[in-house]
Amino acid sequence: MAVFGVEMPNILASPKAFSSIYVWTDVWQHIGWDSIIYLAAIAGIDPTYYEAATMDGASRWQKIKYIDLPLLMPTAIVLLILKVGHILGIGFEKVYLLQNAMNLPGSEIISTYVYRLGIVNQQYSLSTAVGLLTP
């Protein structure tokens, strides 16, 4: 497929690109929810801090540095702790939806392997044994 006369690369067909695609789609997936949480945290900051900083002659960047960032740190730490809890959980759905025959060598995980063995190849006993390895 050529756009403006330039041939576009098929990155979903590359096994090497699968991990990058997976990470960046995860970032894109969670950026909306995280922004809502950060906006709620900013809305919860007492406006008198900004009024006092304005009276003291603080610039916009100084307000961000000395008011916004320190008061957003507890929210950022809670979100970081929640993300670290899911760092090893790859999940089945997104990998299965991004997977195709061309990127299979780079996208196969235990969950999709168990699915392929049990449902597609009908090797129920082997897929059950391998499925015991998944959390």
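Observations, loosely collected:
- Unit charges on C-beta of K, R, D, E only; dipole of region 49-126, Debye: 100
- Overall, region 1-97 carries a charge dipole of about 220 debye about its Cα centre when +1 sits on the Cβ of Lys and Arg and -1 on the Cβ of Asp and Glu, all other atoms neutral.
- Interatomic Cα distance distribution for region 1-58, bins of 5 angstrom, percent: 4, 14, 10, 10, 11, 11, 9, 8, 7, 6, 9, 2
- Solvent-accessible area per residue for region 29-129 (1.4 angstrom probe, square angstrom): 74
- The alpha carbons of the chain give a radius of gyration and a Dmax of 23.1, 73 Å, in that order.
- 19 Å cut-off, amide nitrogen to a point 7 angstrom out along Ile87 Cα→Cβ, residues in region 14-56: 19-20, 22-28, 30-31
- The share of Cα pairs per 10 Å bin across region 56-135, counted from zero up to the longest distance, runs 15, 27, 18, 13, 13, 9, 3, 0 percent.
- Rounded tilt (10° steps) of 18-43 against the dominant C-alpha axis of the chain: 30
- Fraction of accessible area attributable to carbon and sulfur, the chain (%, probe 1.4 Å): 70
The values are calculated or read from the model by the stated rules, or taken from the named source; none is laboratory data. Bear in mind that the values here come from a model prediction, so they are computed numbers and not experimental data. When we count neighbours, we look across all protein chains shown, and the Cβ atoms used for this are built from the backbone with ideal geometry, even at glycine. Side chains are part of the model used for accessible areas, which takes the heavy atoms of the whole protein and leaves out ligands, DNA and RNA. Shrake-Rupley method; radii C 1.70, N 1.55, O 1.52, S 1.80 Å.
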